[in-house]
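Since every read-out is calculated from the coordinates, none of them should be taken as a lab result. Because the structure is a prediction, the values reported are computed rather than measured. Using ideal geometry, Cβ is built from the backbone for each residue, glycine included, and neighbour counts are taken over all protein chains shown.
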Ligand code: NAP
C-alpha cells in the first residue's frame with residue numbers, strides 16, 4: 001500500500017539521530033522505515049519489556065482483532081499464515097515479534113525505559129527517562145498508541161471487593177476462572193469478546209450493560225490448511241485481500257459516519273437489527289439488547305457469537321445500574337447483592353492520553369499540557385506548531401475507527417518521511433506546522449465532526465473529547481489518503497540552515 005517516498009534533496013544526507021517512543025505497531029514501522037531510508041542512528045525506547053503495544057498489554061480471554069487478519073499486516077510484510085479471518089491477540093503479538101526479528105530491529109530497541117520528559121533546546125530534543133537515563137535526538141517520533149491508559153470506573157467501594165478485580169487490559173492470569181461467578185462490566189468491543197470467551201467456563205457470567213450496542217455479525221471460522229497453503233502464493237493472498245471490495249467497505253463505513261442517512265448506514269443498521277431479531281429468542285432479553293442510539297455512534301462491535309453467549313444458561317444480562325461494589329460482590333440500584341468471585345472491568349481507556357503523562361516542552365518553553373489543556377489536537381494528526389522535529393503516528397484526531405490502524409500509520413509515515421527528508425537534506429534545522437495551519441485544520445475538523453453520527457447519534461463514546469466534540473477524522477478515508485500523499489509546504493515553518 002505504501003510506496004517508497006523519495007523527496008527532492010533527499011540525496012544530500014545530513015546525519016540525523018532519531019528517537020522513537022514506543023515499540024508497538026507504529027514504532028516498529030517507524031524503525032523499519034527509518035533504517036530502510038538509510039537512517040541508522042535510531043533508538044526505539046519502550047517502557048515495557050517486550051514489543052507489541054496493545055497486543056502485549058491486552059491478553060484478556062477472547063481478545064480478537066476486528067480488522068480482517070490479512071489487512072492487519074504491514075504492506076511490506078504480509079502474513080499468509082493467519083489462522084482465521086479475525087485473528088486472536090496472541091497471534092498478532094507473534095506476528096509483530098516475527099517482523100521485528102526479521103527486520104533486525106531488536107538491536108535498536110531499549111526496553112524498560114519510560115520517557116518522562118522531552119525538551120526542545122538548540123534544535124535538538126533532550127530526553128529524560130524514568131530510570132535516570134538521558135539521551136538527545138534531532139528528530140523525535142511519538143508512536144505511543146491511542147488506547148493504552150485504562151479507565152477505571154468511578155464505582156464506590158471498588159477497593160472493598162474481596163474477590164479478584166482488574167481492568168481488561170491488566171488481566172490477572174493467576175486468577176482461576178473455571179466454575180467461578182464472574183462479572184464483566186462494560187459491553188464495548190472488549191466486554192463483548194470476554195463474555196463470549198468465558199461464558200462456558202464460568203458457573204455464572206453476569207454482563208453489566210449500561211448502553212446496548214449495535215452488534216454486527218461476522219463469520220470467523222478458521223482458515224483450512226488448504227487455504228493457508230494457498231495463501232503462500234502472493235497472488236492468491238492478494239485475491240483474498242480483495243482490496244477493491246475492502247476499500248469499498250471502508251468507504252461505506254466512513255460515509256455512514258458522515259451521513260447517517262447514507263445507504264451504508266441504512267445497510268449496517270438493518271444487518272445489526274436482523275442479527276438481533278434472528279439471534280435472540282426471548283423478547284424481553286431482545287428488548288434489553290436493542291440499541292437506543294444511532295448505529296456507528298459508538299464504535300461498531302463485530303461479533304460472531306455474542307448473542308449466542310448471552311443466551312447461554314450460565315449468562316445473565318444485568319441492566320440495573322451499579323450502586324456500589326462490596327466485599328462479596330456488586331450491589332445494583334435495586335438493592336440486590338450479586339455475589340461474585342471475579343469482576344472484570346471492560347470499561348475502556350483514557351483516549352486523550354497519547355504520550356502523556358510524559359512532559360513535552362517545545363520551542364521557547366511551550367508546554368504540551370498547556371497546548372492540549374482543552375483537548376489534544378494536531379495538524380493532520382501528525383505535527384504541532386512550537387514542537388519542531390516532532391511527529392506523531394496515530395496522533396490526535398486521526399482516523400481511528402473500524403479501519404486497519406496499520407494502513408493508517410503507513411500512510412502517516414509516508415507523509416512524515418517527506419518532512420524528515422527535508423531535515424535530512426540539510427536545508428533546514430527545524431520543521432513544524434504553523435499555528436495558522438493547525439488552527440485552520442482544527443476549526444474545519446471540529447465543524448465537520450459536529451455533522452457526524454458520533455456527535456448527533458445520542459451517545460457518549462470515547463470518540464468525544466472533553467468538549468463533547470468527536471476526536472476523530474470526520475471525513476472520508478479517501479480524503480485521508482489524499483492528504484497524506486504530500487505535505488502542503490505552506491503549512492510548515494522551517495527554521496535555520498544547517
Ligand atoms: P469502550 O468501548 O470505551 O467501552 C467501555 C464500556 O464500559 C462501555 O460499555 C461503558 O458503558 C462501560 N462503562 C464504563 N464505565 C462504566 C461504569 N462506571 N459503570 C458501568 N459501565 C461502565 O471500551 P473497550 O470495549 O475496551 O473498547 C475500546 C476500544 O478498544 C474499542 O472501541 C476499539 O477501538 C478498541 N478495541 C478493539 C478491539 C478489536 O477487536 N480491534 C477489541 C477491543 C477493543 P457506556 O457505553 O454506557 O459508557
Quiz item: After finding the eigenvalues of the alpha carbon gyration tensor for region 276-331, what semi-axes result from the square roots of 5 times each, listed largest first in whole Å?
Solution: 23, 16, 12
Exercise. Calculate the spin-label point distance for residue 102 paired with residue 203, positioning each point 7 Å from the Cα along the beta-carbon direction, and give it in nanometres.
Key: 4.7 nm
Self-check item: Inter-label distance for residue 314 and residue 281, nm, one decimal - labels placed 7 Å from Cα along Cα-to-Cβ
Solution: 1.9 nm
Quiz item: On full extension of the chain, what length is gained from residue 166 through residue 447, given 0.36 nm per residue of separation minus the C-alpha to C-alpha distance?
Solution: 97.3 nm
Quiz prompt | Shape parameters for region 164-345, alpha-carbon atoms, Rg then Dmax in Å | solution = 19.1, 61
Quiz prompt | Alpha-carbon centroids, region 452-485 and region 313-353: separation in whole Å | solution = 30 Å
Self-check item: Efficiency of FRET from Cβ geometry, residue 174 and residue 364, R₀ 41 Å, rounded to 0.05
Solution: 0.25
Practice problem: With runs of 4+ DSSP H residues as the only contributors, calculate the mean residue ellipticity of the chain at 222 nm using -39,500 (n - 2.57) per run, divided by the residue total and rounded to the nearest 500. | Solution: -9000 deg cm²/dmol
Quiz item: What number, in percent, do you get for the relative contact order of the chain if the mean sequence gap of Cα pairs under 8 Å and at least 6 apart is divided by its residue count?
Solution: 21 percent
Quiz prompt | Pair-distance profile P(r), taking every C-alpha pair of region 378-427, with 10 angstrom steps and integer % | solution = 26, 51, 20, 3
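Arrange the peptides 14-21, 415-422 so that the one whose residues have, on average, the most other Cβ atoms within 10 Å appears first.
415-422, 14-21
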Self-check item: Rounded to 5, the percent of DSSP beta bridges in the chain classed as antiparallel
Solution: 45 percent
Practice problem: Express as a percent, rounded to the nearest 5, the fraction of DSSP beta bridges in region 164-345 (both residues included) that run antiparallel. | Solution: 25 percent
Self-check item: 485, 308, 33 arranged by Cβ crowding within 10 Å, fewest neighbours leading
Solution: 485, 308, 33
Quiz prompt | Relative contact order %, region 363-476, counting alpha carbon pairs below 8 Å whose residues are six or more apart | solution = 29 percent
Self-check item: Calculated FRET efficiency for the pair residue 233/residue 324, C-beta based, R₀ 41 Å, to 0.05
Solution: 0.10
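Report the gain in length on full extension from residue 263 to residue 117: 0.36 nm times residue separation, minus Cα-Cα distance, nm rounded to one decimal.
Stretched fully, the residue 263-residue 117 segment lengthens by 47.8 nm.
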Exercise. Could you grab the relative contact order for region 164-345? Cα pairs under 8 Å, six or more apart, rounded to a whole percent.
Key: 36 percent
Quiz item: How many angstrom separate the Cα center of region 97-113 from the Cα center of region 376-414?
Solution: 22 Å
Self-check item: Cα-projected label distance for residue 356 with residue 249, points at 7 Å along beta-carbon direction, nm
Solution: 3.6 nm
Quiz item: In the calculated pair distance distribution of region 440-498, what percentage of Cα-Cα distances lie above 18 Å?
Solution: 48 percent
Quiz prompt | Difference of contour (0.36 nm per residue) and Cα-Cα distance, residue 339 to residue 481 | solution = 46.0 nm
Quiz prompt | Pair-distance profile P(r), taking every C-alpha pair of the chain, with 20 angstrom steps and integer % | solution = 22, 55, 22, 1
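Report, to one decimal in Å, the Kirkwood hydrodynamic radius for region 13-127 based on all distinct Cα pairs.
Mean inverse Cα-Cα distance, inverted, gives 15.3 Å.
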Exercise. Between the alpha-carbon centers of region 233-272 and region 155-213, tell me the distance in whole angstrom.
Key: 32 Å
